[in-house]
Amino acid sequence: FNKGLIKRGIEVSFLGDLVLEKQEYHRTYFQVSLGQMKTIEEKLDFIEGNFDKLDDWWHVDQLAQFVDKQLTFDLVHKRAKEYIKSDLTFARRWGYVIFMPSLVKDVKKADKIFKLFKDDEEYYVQMAEAWLISYLGIYAPEMTYEYLKGCPLKYNIAGKGIQKICDSFRVSDEWKGKFKSLREF
């Protein structure tokens, strides 16, 4: 349905005031609006202008699928540094989720992502950080292991990241054993 609206150029801005009432309105508002925009900068500006309409984890997590193919690491990294400072919980979550799934694959840039992590009191931000750590554990296991070994994060974030790494079918048993050895007892 939404792809048809995008193809026909149907305007959905009227849904902006209704997005928090029904999830169908929320998805349509974001997917169609973003689908009709041409540049990634325009799309990220739109998301930023609608941070107040993100009040659940799935609101944030669906956004990545609408913009992922256009994202570049440098652009995302620059903006993520600002997102993670926001007063809004789900804007901060977006600062971590935006890297997944495609932008964590470049292991040469993993160190820049590690520098973004910080303790956060909000559960949904902590889970985004743990999720991103698990992706890094898949694509850059050695760097992730070294990061977690001297990890400055609270254990509830690092420990959840380790758990997610160990739950992944894309991580070898050997690496899972190494990551498990980092758990606090």
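The values are calculated or read from the model by the stated rules, or taken from the named source; none is laboratory data. As the structure is a computational prediction, the values presented were derived from the model and not from experiment. Glycine gets a Cβ as well: all are built from the backbone with ideal geometry, and neighbour counts include every protein chain shown. Just so you know, the surface numbers come from the protein's heavy atoms only, side chains and all, with ligands and any DNA or RNA stripped out. Shrake-Rupley method; radii C 1.70, N 1.55, O 1.52, S 1.80 Å.
Output the residues belonging to region 92-109 that are part of a helix (DSSP H, G or I) and buried (at least 19 other Cβ atoms within 10 Å of the Cβ).
Across region 92-109, the qualifying residues are Arg92, Arg93, Trp94, Gly95, Tyr96, Val97.
Name, by its number, the condition in (1) more than 25 Å from Val32 (Cβ to Cβ); (2) basic (Lys, Arg); (3) within 12 Å of the chain's Cα centre (by Cα) that does not hold for Lys78.
Failing condition for Lys78: (3).
Take the conditions in contact with a Cys (Cβ under 8 Å, 6 or more places away or on another chain) and more than 22 Å from Glu41 (Cβ to Cβ) and apply them to Ala110. Does it pass?
no
Please note which helices (runs of 4 or more DSSP H) are completely contained in region 19-91 and include at least 2 residues that are in contact with an Asp or Glu (Cβ under 9 Å, 6 or more places away or on another chain), at pLDDT 95 or above and open to solvent by 10 Å² or more (accessible area, probe 1.4 Å). Spell out the reasoning first.
Values: elements: 23-35, 40-49, 57-67, 73-83.
It comes to 73-83.
Every residue in region 114-166 that is modelled with pLDDT of 95 or more, open to solvent by less than 70 Å² (accessible area, probe 1.4 Å) and in a loop (DSSP other than H, G, I, E, B), please.
Leu116, Phe117, Asp119, Asp120, Ala140
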